[in-house]
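These notes are about the structure you will find just below.
Coordinate-derived values only; no laboratory data. Note that the coordinates shown come from a computational prediction; the quantities given were computed from them, not determined experimentally. Because the Cβ atoms are built from the backbone with ideal geometry, glycine has one as well, and the counts that use them run over all protein chains shown.
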Ligand SMILES: [Zn+2]
């Protein structure tokens, strides 16, 4: 763990001015997520079970980046991962800051979510509080430009191959949909770490998020399917019906849609 933190601090120092303006905790949180999220990056094409699947909510194939471009970025069940990206420059047009406790400063983009997801997060946080659990929103919306800035700075410093090992390519982050929020609690010092799952807050979220339309998008034991390590802090809004189905059947979006990343 100590070695990891030393490495982390060394890499953070290379990122540049854009992130240096941010608070230490959220800066580290963003970095950790990117690093964890791409450990399993591969260059093989999306695994598709039939020609029909190729067309499933896919507008085109981005040959340069070897990514499928989704055709439904505004749907709450939009499905992106390391092989499926949002259209170039996609920005949700209904971003708002949910009225919950945030780690990022006022006015920061990371406070933002699409309106429907923001309303649902307010309900989730409020119900959690009633049950005695104080949650905090750490990192929500992330623009493609911001992701590109981060990714390019990594490429500049480390080369593309190395950068791909710990940073998501622009267009492929769920945070760009405006439907994902990383959350945490004081009991884990507001960090984005697996230990959150073992806290009272994390347990409550795991058991109740679906009632509010949220799922833990990268569950434990599904790394081979999602391409992401367990992220108990990454909540993704998909709507109550789908969230309840995914929760009840223990499915990821990859399994639900019938093909892996
Ligand atoms: Zn996240």
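Once R0 is set to 22 Å, what does the formula 1/(1 + (r/R0)^6) return for the Cβ-Cβ distance between residue 220 and residue 126, expressed as a FRET efficiency to the nearest 0.05?
My answer for the efficiency is 0.25.
Using R₀ = 30 Å, calculate the FRET efficiency as 1/(1 + (r/R₀)^6) where r is the Cβ-Cβ separation of residue 158 and residue 208; round to 0.05.
Step by step, r from the Cβ atoms, then E = 0.15.
So, by mean Cβ neighbours within 10 angstrom, what's the order for 190-203, 97-110 with the highest one leading?
Values: 190-203: 17.9, 97-110: 16.4.
Highest-to-lowest ranking by the protection proxy: 190-203, 97-110.
With a 10 Å radius around each residue's Cβ, average the other Cβ atoms per peptide and rank 65-75, 176-186, highest first.
The peptides rank, most packed first, as 176-186, 65-75.
Roughly how many nanometres apart are two label points built 7 Å out from the Cα toward the Cβ at residue 64 and residue 186?
About 4.9 nm, to one decimal.
Please compute the length gained on full extension between residue 229 and residue 245, using 0.36 nm multiplied by the number of residues separating them and subtracting their Cα-Cα distance.
3.6 nm
Calculate, for residue 257 and residue 134, the FRET efficiency according to 1/(1 + (r/R0)^6) with r their C-beta to C-beta distance and R0 45 Å; round to the nearest 0.05.
With a Förster radius of 45 Å, E is 0.85.
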